Amino acid sequence: MGYSLSWAALKGGNLQTICSVFDLRSTGKREEIAESNIDGAQLPWGWYLVMFDHNVIEERLLKELSRTGEVVYCFVEDHVMFSSASGWNSGKQIWQVTHDGGEKGILHLETSGNLPAVFESIRKRLFAEQETADSQKVKVDYVYEAPPELAKELTGFRHDEEVAGMSSEAYEILEFAKGAHHITGPLFGFLFGKKDRA
């Protein structure tokens, strides 16, 4: 079993802004672990998070959301070892980091834009861990962790870790508003034929 999800966090954001941009509404239900198709949460450091299970957020929505503030976006597909993170502001993508271990190999790491300063230390650490694993003939993909680790450094959130300071049932279950158009696409559809859109 692996993760297949995407999330976006808006600095200084709130539920109202997220619902407005993504055409969502609250169900009034909460959960301790984000297990629903769409979850929202206020992170302790002022970011508001929205997470979609098995879906990728379309670029046009990231552009729109970033017109309201700084946005960090991340998606992971464990089954094919594909991960990506990007930063957005003022309707534009500022940076992006992508790893495609399944198609381009364990050492693949593609970057563009004005990367956050912390990225270089993350890259060096993970490549060092990968080199050690390779020398010991251990089959593991440490470079896959680079995008989610960078997103975590910036927002304090990582999809597979507990977030310190978050209350119980911090995740609010969201749903598309009645009549809303679908704003996301399947991760596999993105990976096989739509990579140029991230």
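Taken together, the values in this text are just the output of simple stated rules run on the coordinates, not laboratory data. All figures in this text were calculated on a predicted structure; none of them were measured in a lab. Note: ideal-geometry Cβ built from the backbone for every residue, glycine included; neighbour counts use all protein chains shown.
Here are the numbers for this structure:
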{"quantity": "Under the Karplus curve 6.51 cos²θ - 1.76 cosθ + 1.60, θ = phi - 60°, whole-Hz ³J(HN,Hα) for segment 97-102, x wherever Gly or Pro sits", "calculated": "10, 9, 10, 10, x, x"}
{"quantity": "Within a Gaussian network of the chain (alpha carbon springs, distance under 10 Å), most fluctuating of L174, L49, L126", "calculated": "L126"}
{"quantity": "Residue with peak Gaussian network fluctuation, the chain [Cα springs, cutoff 10 Å], from V163, V138, V21", "calculated": "V138"}
{"quantity": "Potential extension, A117-E32 segment - 0.36 nm per residue separation minus Cα distance", "calculated": "27.3 nm"}
{"quantity": "Q136/A164 FRET efficiency (R0 30 Å; Cβ-Cβ; nearest 0.05)", "calculated": "0.40"}
{"quantity": "Computed over the chain: relative contact order in percent, which uses C-alpha pairs under 8 Å that are six or more apart", "calculated": "29"}
{"quantity": "Debye, to nearest 20: dipole size of segment 1-157, +1 on Lys, Arg Cβ, -1 on Asp, Glu Cβ", "calculated": "460"}
{"quantity": "Charge-dipole axis of segment 50-105 as Lys and Arg at +1 and Asp and Glu at -1 on Cβ define it, positive-most pick from C74, S90, M51", "calculated": "S90"}
{"quantity": "Whether segment 1-86 is rounded, prolate or oblate, judged on the alpha carbon gyration tensor where a/c under 1.5 counts as rounded", "calculated": "oblate"}
{"quantity": "Three-way shape call for the chain based on the alpha-carbon gyration tensor, with the a/c threshold at 1.5", "calculated": "prolate"}
{"quantity": "Sparsely packed trypsin sites (Lys or Arg not before Pro) within segment 1-77, loop by DSSP, other Cβ within 10 Å at most 16", "calculated": "R67"}
{"quantity": "For segment 1-159: lysine pairs under 21 Å (alpha-carbon distance), excluding those fewer than 8 apart on one chain", "calculated": "12"}
